[in-house]
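Working notes, structure below.
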Amino acid sequence: MIVKKHSLAPGSAYNTPYHVIRGSQRGPVFMIVAGIHGNETASMKAAQRIVDQLRHGSRGIQRGTLIIVGRCCPQISYL
Ligand SMILES: [Zn+2]
């Protein structure tokens, strides 16, 4: 499994980090988008927790790709 951090619109005011997690085998693609509404913090905390668990190895995927946008609108999020 590989976890990579990327960014949409890097270097701009709209810089939006996201993670791509690839399993070792081909499979479906699943996407988690959190923080669409900046005052709804539970989804952002949950997405960050999943990223942390994937990066530290306590959670993993074997097949496919998982894309996590943890804070969809960082300009308006309260976290
Ligand atoms: Zn909402």
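The values are calculated or read from the model by the stated rules, or taken from the named source; none is laboratory data. Fair warning: this is a prediction, and the values are worked out from it, not measured in the lab. Quick reminder, even Gly has a Cβ in these numbers, built from the backbone with ideal geometry, and neighbours come from all protein chains shown.
Quick test for you: out of Arg59, Arg55, Arg49, pick the one residue that is out of contact with any Lys or Arg (no Cβ under 6 Å at 6 or more places or on another chain), without any contact (Cβ under 8 Å) to a residue 12 or more places away in the chain and part of a helix (DSSP H, G or I).
From the options Arg59, Arg55, Arg49, the qualifying one is Arg49.
If you scan the range 12-36, which residues turn out to be exposed (fewer than 14 other Cβ atoms within 10 Å of the Cβ), at pLDDT 95 or above and either part of a loop (DSSP other than H, G, I, E, B) or β-branched (Val, Ile, Thr) (or both)?
Within the range 12-36, Ser24, Val29 qualify.
Quick check: anything in the range 20-34 touching a Pro at 6+ places or on another chain (Cβ under 9 Å) and not acidic (Asp, Glu)?
No, the range 20-34 contains no residue that is touching a Pro at 6+ places or on another chain (Cβ under 9 Å) and not acidic (Asp, Glu).
With the requirement that a residue be more than 9 Å from the chain's Cα centre (by Cα) and either within 11 Å of Arg71 (Cβ to Cβ) or touching a residue at least 60 places away in the same chain (Cβ under 8 Å) (or both), what does the range 9-36 give you?
Ala13, Tyr14, Asn15, Thr16, Gly35, Ile36
For every residue, the table says whether it meets (1) under 18 Å from Asn15 (Cα atoms); (2) modelled with pLDDT of 95 or more; (3) in contact with a helix residue (DSSP H, G or I) (Cβ under 9 Å, 6 or more places away or on another chain).
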site: Lys45; (1), (2), (3): no, yes, no
site: Gly60; (1), (2), (3): no, yes, yes
site: Thr65; (1), (2), (3): no, yes, no
site: Leu79; (1), (2), (3): yes, no, yes
